[in-house]
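The values are calculated or read from the model by the stated rules, or taken from the named source; none is laboratory data. Since this is a predicted model, take the numbers as computed values, not measurements. Using ideal geometry, Cβ is built from the backbone for each residue, glycine included, and neighbour counts are taken over all protein chains shown.
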Amino acid sequence: MMARVGVIGLGVMGYRVAANLAKAGLLAGVYNRTRARAEDFRRSYPQVEVFATPSDLADRVDYIITVLSDDNAVSAVVGNLLPHLRGKVLIDMSTISPTTSVSLAKEVSNVGGVMFDAPMMGTSVDVEQKRITVLVGGPKDRYAEVEPILSATSGRVVYVGPNGMGLYMKLAGNMIFAIFMNGLAEAINFALRAGLSPDQIIDLFLNISGTRSPSSSLKVPKMLNSDYSVQFALKHMRKDTEIMIREAQKLGVPVPLTSLASNMFRMSEGLGLGDFDVSAIAEFYRKLSQQR
Ligand SMILES: NC(=O)c1ccc[n+]([C@@H]2O[C@H](COP(=O)([O-])OP(=O)(O)OC[C@H]3O[C@@H](n4cnc5c(N)ncnc54)[C@H](OP(=O)(O)O)[C@@H]3O)[C@@H](O)[C@H]2O)c1
């Protein structure tokens, strides 16, 4: 029998995850706090039911996928869902603190459900093209059930280890991304001010530099064109760095570059850049440069 899957949270990532699952014939229903987005989804996928509450959705499906902003959102939604999770599998694809996730997994287990952390490595474009990698933490003996569901919306699914381990791997990956985004913004601003043309800078970072990468290909043109349309919001990047710093304190490891990057994102938000793409960090460096 086909798994009945529901998605809670139709933001930038959740909408695309749900679309892939709908195309695979796995999606039974969706819920979004702002209902208009769910109605918008149904216009494209009329076979999918829009539920009025997360609990209504949980009662009607076997597998519940959450794709929500942060710790507060996931804790609030899962907390309310607990009485509805007996016999259900909850797959949280949000990037949240592993500590929070492990504690929620215990609560879910206490009511007779199972939880996985399944954060995504990549961005909205990668979900659209089913190229994203999903990093899974949770009970290994139940992994075989969730793997085909996650495969329907990704290019690769990796079982990392027990609850929380998917998130640790995700955070380590995003740590270098947070620092790299600052590095790119700093170097591009320097190069522009020195008189290099945008074409020369594109050639440098996409073809010549040893740091060329998919991230450079995606973000350097956005930074140069001041195209800050959202693929991954700057405020979410700042949120991720704050989780890294808290977890690093618990682990007793220094993260000086992550802390600096985090402050840069925080200050960018202060300048009103939080809801733009993370590439808007380039604007921050531009604004801080001496005016000529
Ligand atoms: N974008 C990326 O490239 C990317 C890549 C990898 C991982 N992630 C992670 O994936 C997660 C989602 O990212 P996103 O870019 O899709 O974010 P987003 O566009 O901001 O969407 C956030 C979603 O969470 C919902 N939400 C927020 N607070 C809520 C609450 N208290 N109760 C119920 N729903 C709530 C929002 O509902 P409303 O519509 O009502 O606001 C929306 O559906 C984040 O943890 C992010 O770090 C993102």
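Computed values, structure above
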read-out: Residue 262 vs. criteria hydroxyl-bearing (Ser, Thr, Tyr), assigned to a helix (DSSP H, G or I), out of contact with any strand residue (DSSP E or B) (no Cβ under 8 Å at 6 or more places or on another chain) and without any contact (Cβ under 8 Å) to a residue 40 or more places away in the chain; value: no
read-out: Every pair of residues 6+ apart whose Cβ atoms lie under 7 Å, when the first sits in the range 55-83 and is within 12 Å of the ligand (Cβ to nearest atom) while the second is of a type in the set (D, E, K, R); value: 66/92; 70/239; 74/92
read-out: Qualifying residues in the range 2-29 (those that are among the small types (Gly, Ala, Ser), part of a loop (DSSP other than H, G, I, E, B) and more than 10 Å from the ligand (Cβ to nearest atom)) - the one nearest to residue 153 (Cα to Cα); value: 24
read-out: Candidates 148, 139, filtered to the one that is modelled with pLDDT of 95 or more, more than 19 Å from residue 105 (Cα to Cα) and over 17 Å from the mean Cα position of the chain (by Cα); value: 148
read-out: Yes/no for residue 189 being away from the ligand (no atom under 13 Å from the Cβ), loosely packed, with under 13 Cβ neighbours inside 10 Å and either more than 29 Å from residue 164 (Cα to Cα) or in the same structural domain as residue 127 (by TED's automatic domain parsing) (or both); value: no
read-out: Contacts under 9 angstrom Cβ, first residue in the range 127-147 being farther than 18 Å from residue 170 by Cβ, partner part of a helix (DSSP H, G or I) and within 16 Å of the ligand (Cβ to nearest atom), 6 or more apart; value: 128/16; 128/19; 128/20; 130/20
